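Here's the structure we're looking at; comments come further down.
None of the figures in this text is laboratory data; all of them are computed from the coordinates on show. Keep in mind it's a predicted model, so treat the numbers as computed, not measured. So basically every Cβ, Gly included, is an ideal-geometry build from the backbone, and we count neighbours across all protein chains shown.
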Amino acid sequence: MKEKILVVDDEVEIADLTALYLRNEEFQVTVCYTGEDAKKAIAQGPFDLAVLDVMLPGEDGFSLLQCIRQKYNYPVILLTAKVAETDKINGLSLGADDYVTKPFRPLELVARIKAQLRRYKRYNTSAPAQDLIELGGLVINTATHQCTLDERPLSLTPTEFSILVILCQNRGKVISAEELFHQLWKDEYYTKSNNSISVHIRHLREKMGDCFESPKYIKTVWGVGYRIEDSTISHP
């Protein structure tokens, strides 16, 4: 059975057109035109992915994103007509995995949805026990999408999880923001894309209980990228 996708947009034509393209790909689509209806749909059961318009009357997209992240880790893509970088950073900080700026091409949105679903499914299917990554007190199970630090569960979004896996798989090496961006989204890298990566890194550090001024786990190599080492993650 195809994945269940929630589409929320108060512009009926955009919502219906998006749903049409997704249904042509045989996805199960639930469409909501108000934030209030979307909140009810979210409460009724989990989806595999949500597409949320930021500018909604009443319950806006940011509020719905927070509602989802209180309970679920499935991917969330934000739709925004705003070009302000702060709006995009705000969404990523709250746990969004990607954003698409209006006006957009429906086929581009479908492609981004498929990419997010592929990554999410890859980390949530059963796999052999050798899919464990262990660095001192950090344990990552790439098969079950579970992560703990000193036996404390970390609730990570798919994008945050992917970044941590990439850094751990390349432990000791510096990974540039451009390389992370390409591995995550397989998309063209722009200078502003670095802001997206830095926001995810910052959110990841917060969940790991790290400090920005002197991070213990994910090190910033200024002007180059990010690095994680075996020696940086250890039991207290």
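Considering the options Ile5, Cys211, Ala43, tell which one lies farthest towards the positive end of the dipole of the chain, charges being +1 on Lys and Arg and -1 on Asp and Glu at the Cβ, about the Cα centre.
Cys211
Need one number: nm distance between label points at Lys219 and Arg171, each 7 Å from Cα along Cα→Cβ, rounded to one decimal.
With each label placed 7 Å out from Cα toward Cβ, I get 1.4 nm.
Between Glu26 and Asn141, what is the spin-label point distance in nm, taking each point 7 Å from the Cα along the Cα→C-beta axis?
3.0 nm
Which far-off residues, 5 or more places away or on another chain, put their amide H under 5 Å from the one on Val100, with H placed in the peptide plane?
Leu78, Leu79, Thr80
Quick check: residue separation of Ser198 and Gln66 times 0.36 nm, minus the Cα distance between them. What number comes out in nm? Please list the in-between numbers first.
On the way: separation 132, 0.36 × 132 = 47.52 nm, distance 1.99 nm.
Full-extension gain reported as 45.5 nm.
Okay, which of segment 20-47 sit inside 13 Å, backbone N to the point 7 Å along the Cα-Cβ direction of Lys4?
Under cut-off, by backbone N: 28-31, 40-47.
From the square roots a ≥ b ≥ c of the eigenvalues of the alpha-carbon gyration tensor of segment 4-122, which class results: rounded (a/c under 1.5), prolate (a/b over b/c), or oblate? It would help to have the intermediate numbers written out before the result.
Working: a/c = 1.15, a/b = 1.09, b/c = 1.05.
Taking the square roots of the gyration eigenvalues as a ≥ b ≥ c, segment 4-122 is rounded.
What's the longest piece of the chain with no exposed GluC sites (Glu not before Pro), counting a site as exposed if DSSP puts it in a loop and it has at most 11 other beta carbons within 10 Å? Can you show the working numbers first?
On the way: sites that count: Glu26, Glu151, Glu188, Glu213.
It runs 27-150.
In segment 31-82, which trypsin sites (Lys or Arg not before Pro) fall in coil by DSSP and have 16 or fewer other Cβ atoms within 10 Å? Numbers along the way, then the final one.
Details: sites: Lys39, Lys40, Arg69, Lys71, Lys82; in loops: Lys71, Lys82.
Answer in residue order: Lys71, Lys82.
Roughly how big is the chain's charge dipole about its Cα centre, with Cβ charges of +1 (Lys, Arg) and -1 (Asp, Glu), in debye to the nearest 20?
On the way: 28 positive and 33 negative charges, 109 e Å.
For the chain, the charge dipole is close to 520 debye.
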